[in-house]
Amino acid sequence: MSEGLLIVSEEICAEVVSSADAFTAVEAVFGAMAKGDAYNFPVIREAIGYADALYGFKSGFDKAGKTLGVKSGGYWPGNMDKGLTNHQSTIFLFDPDTGMLQALVGGNYLTAVRTAASSSVSIAHLARKDARVLGMVGAGHQSTFQLRAAARQRDFEKVVAWNPHPEMLPRLAAVAEELGVGFEAVSPQELGAQADVIITITSAFEPLLMKDWIKPGTHLACMGTDTKGKQEVDPALLASARVFADEISQSTTIGEAQHATEQGLLKSTDITPIGAVINGDHAGRSSPEEITLFDGTGVGLQDLAVASVAAREAEKQGKATRVAL
Ligand code: NAD
């Protein structure tokens, strides 16, 4: 990037970063993390005591991709009433050679595509090639991004979906129709019985899927649990599955694995970084019958990776605003 500060709006991010771009960027940074070429700094997340907001920072440095920066933002529950998204974030990129601010990039769209890229990277590397039924648990803002990204990884013929608030399911049905795949609203037990791949993306604080409902050979991407106390699946499922994560330290503290770890059902040494599979250092799925489970907790380096694509592409396409510093 040349001199000055680039500003890339939310709207431009959506124009210049595709789901495929996000997949490539997230896969590369997970690989770099597993090699020790990229690392995330400790996350800060605070209740600020105003507007019920949670505010914090996720940051890191990718030496391989030369990406240094921070995503700053959080959750403002009252925003919906103001016609705004509750989750708000902005990504700041710095020149790793000089520390100069390089780019300010809108983080809301990018958070959704980088989270969808994370589960789709896990599907690409861990799901059976003959997977045909995709199970969706959750029908909120992230869910449509998840469905679109997953659909690019396997020849899914049908989506089966369940959500604690069934009135939200039509948004997933509409995306399935657009993608030309069948759609069926089912019970969680039926979802487990039919699905070859399952994505969970809810704000749940209790298990929604039990171990005995999941059939052999299933791949699960558990994406909703990103805070202490949240939970989407039965801890016994993690004990019986082959578990992978974006970052093991987050997986056992704020991710889905926190509960199985606390209950002594799983050790951090049982969890494999997905980057090791990407780099060819771990075989991934070991048999067609094995249940694989990816704990996607969400790391700052994912945000920086997609923001870097947004800045580069926006500049290349003449869509970024440049300001002298
Ligand atoms: P949203 O508010 O738009 O949707 C919430 C979803 O969770 C809906 O399906 C809703 O029906 C369900 N839900 C709400 N309360 C629930 C409860 N008490 N029990 C069970 N289900 C409940 O949220 P979103 O933006 O779609 O995000 C969904 C989840 O994904 C959140 O927990 C969010 O923090 C998490 N998230 C994770 C990452 C990551 O990188 N892993 C990134 C972004 C968001």
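The values are calculated or read from the model by the stated rules, or taken from the named source; none is laboratory data. Worth saying up front: this structure is predicted, and the values here are computed from it rather than measured. Quick reminder, even Gly has a Cβ in these numbers, built from the backbone with ideal geometry, and neighbours come from all protein chains shown. Just the protein is used for accessible areas: all its heavy atoms, side chains included, with ligands, DNA and RNA removed. Shrake-Rupley method; radii C 1.70, N 1.55, O 1.52, S 1.80 Å.
Distance between the 7 Å Cα→Cβ label points at ASP97 and GLU15: 2.9 nm.
If DNA, RNA and ligands are ignored and the probe is 1.4 Å, what is the ranking of TYR75, TYR50, TYR109, TYR39 by accessible area, most exposed first? The partial results should precede the final answer.
Details: TYR75 75, TYR50 170, TYR109 45, TYR39 135 Å².
Greatest to least solvent exposure: TYR50, TYR39, TYR75, TYR109.
In segment 119-299, the ratio of gyration radius to Kirkwood radius, Rg to Rh, stands at 0.93 when only Cα atoms are counted. Tell me, how many Å apart are the Cα centres for segment 232-252 and for segment 61-114? Cα centres, segment 232-252 to segment 61-114: 27 Å. With 0.36 nm allotted per residue and the present C-alpha distance subtracted, the LYS35-LYS158 stretch has 40.6 nm of extension available. Each Lys and Arg adds +1 at its Cβ and each Asp and Glu adds -1 at its Cβ; summed about the Cα centre, the chain shows a dipole of about 340 debye. Here's the list of aspartates and glutamates a cross-link from LYS319 could span, going by alpha-carbon distance under 19 Å and ignoring same-chain residues fewer than 8 apart: GLU3, GLU10, GLU11, GLU15, ASP21.
Determine the shape class of the chain: with a ≥ b ≥ c the square roots of the Cα gyration tensor eigenvalues, call it rounded for a/c under 1.5, and otherwise prolate if a/b is greater than b/c, oblate otherwise. It is prolate, given that a/c is not under 1.5 and a/b is the larger ratio. Convex hull volume of the C-alpha atoms in segment 1-152, normalised per residue: 143 Å³. Taking 7 Å steps out from each Cα toward its Cβ at GLU184 and GLU206 produces label points 2.7 nm apart.
Looking at the chain, which longest stretch skips every one of the GluC sites (Glu not before Pro) that is in a DSSP loop with at most 13 other Cβ atoms within 10 Å, leaving the sites themselves out? Counting only loop sites that pass the neighbour cut-off, the longest clear stretch is 4-156. Under 5 Å from the amide H of ALA221 lie the amide H atoms of ILE198, ILE199, THR200, PHE294, each residue being 5 or more positions distant or on a separate chain, with H modelled from the backbone and absent for Pro and chain starts.
For the residues LYS230, LYS35, a 1.4 Å probe over the protein chains yields an accessible-area ranking, largest first, of LYS35, LYS230.
Among LYS230/LYS267; LYS158/LYS228; LYS66/LYS316; LYS66/LYS230, which pairs are too far apart, with a Cα-Cα distance over 30 Å?
Working: LYS230/LYS267 19 Å; LYS158/LYS228 33 Å; LYS66/LYS316 18 Å; LYS66/LYS230 33 Å.
Violating the 30 Å limit, Cα to Cα: LYS158/LYS228; LYS66/LYS230.
For segment 13-27 versus segment 147-226, the inter-centroid distance based on Cα atoms is 23 Å.
For segment 1-157, the carbon plus sulfur part of the accessible surface works out to 55%, probe radius 1.4 Å.
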